[in-house]
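Just below is one structure, and these are the notes that go with it.
No value in this document is a laboratory result; all are computed from the given coordinates. Note that the coordinates shown come from a computational prediction; the quantities given were computed from them, not determined experimentally. Quick reminder, even Gly has a Cβ in these numbers, built from the backbone with ideal geometry, and neighbours come from all protein chains shown.
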Amino acid sequence: MADKKSKPRGLGRGLSALMADIPQDMNEGSKPQKLDAMVPIEKVSPNPDQPRRSFNQSALEELAESIRIKGVIQPLIVRQKGDGYEIVAGERRWRASQIAQLHKVPVVVRDFTDTEVLEVAIIENIQRADLNAIDEAAGYRQLMDRFGHTQEQVASALGKSRSYIANYLRLMTLPKDVQSWIKDGSLTAGHARALVGNEEASQLAAHIIRKGLSVRDTEKLVKTGLNKPSARQATPKVKDADTVQIEKELSATLKMPVNIQHQAGGEGGKISISYKSFEQLDDLLRVLSGG
């Protein structure tokens, strides 16, 4: 939903100005931030455009236990939304506060545009080591599709290279099942980048997970293919009925196994006769010589 009160300023305000208002959500034991108010928790709602879609439940339970003992040390950064508040930064603390059954949470109210809210949410999440590559890529895609920013603008604003942004955006082209494996940690971003653009991405990904392959092994597998047979492992062609019948007749006459192989695309071929002893070889010579 567009910000009706002020025209979006895009990424022009600069990260330093934005981040000056955002406390680092890395340590609940750090120094408390100045807060504007304690508000009822039901008046606070998450940002629907939050790029982070998944939260570790066990980590939330741990944070909730800390909040029960110490309270919410770092206030939530919010903006006014109707008669309530929308979270700009601190959704993890808000979720944990609900688990801890708090009635009120501390907030700092700031005036952010839609673009700035999304930018801050992406930055806050990128700073966490547990953000998966798909959620990160989805955040970059939102900045571009919703607000019309180029890869260069996003890269510059977030302190990344354009190639870094481009590589992450390519992950969004992977099949949904592969994206799910990236989200749950079964595949790393390194594995995923090797699979981008491969028609067998889903099958390769399943094989990589099953075998526990490294990124380097994955890159080798992508080059060779999953089921590409070697010259020695080439699947033999099915013989026609006439050839099979001739093999049987010759084997019965010679009393030795006979194998006929036709040349590909030609009329010639070769006949292989297997013998078990020199006596059998002598018998074969007598038959062939008419003796």
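Amide H neighbours of Arg110 under 5 Å, counting only residues 5+ apart in sequence or on other chains, H built in-plane at 1.01 Å?
Val78, Arg79, Gln80
Rounding to the nearest 20 debye, state how big the charge dipole of segment 71-132 is about its Cα centre with +1 on each Lys and Arg Cβ and -1 on each Asp and Glu Cβ.
320 debye
Taking a 23 Å limit on the Cα-Cα distance, which of the listed pairs Lys81/Lys183; Lys81/Lys160; Lys43/Lys183; Lys160/Lys220; Lys176/Lys211 fall beyond it?
Exceeds cut-off: Lys81/Lys183; Lys81/Lys160; Lys43/Lys183; Lys160/Lys220.
For segment 241-289, with only Lys/Arg (+1) and Asp/Glu (-1) charged at the beta-carbon, what is the dipole magnitude about the Cα centre, in debye rounded to 20?
Here the size comes out at about 100 debye.
For segment 174-224, state what percent of all Cα-Cα pairs lands in each successive 5 Å bin, counting from 0 Å until the bin that includes the largest distance.
Histogramming segment 174-224 at 5 Å steps yields 4, 24, 42, 24, 6, 0 percent.
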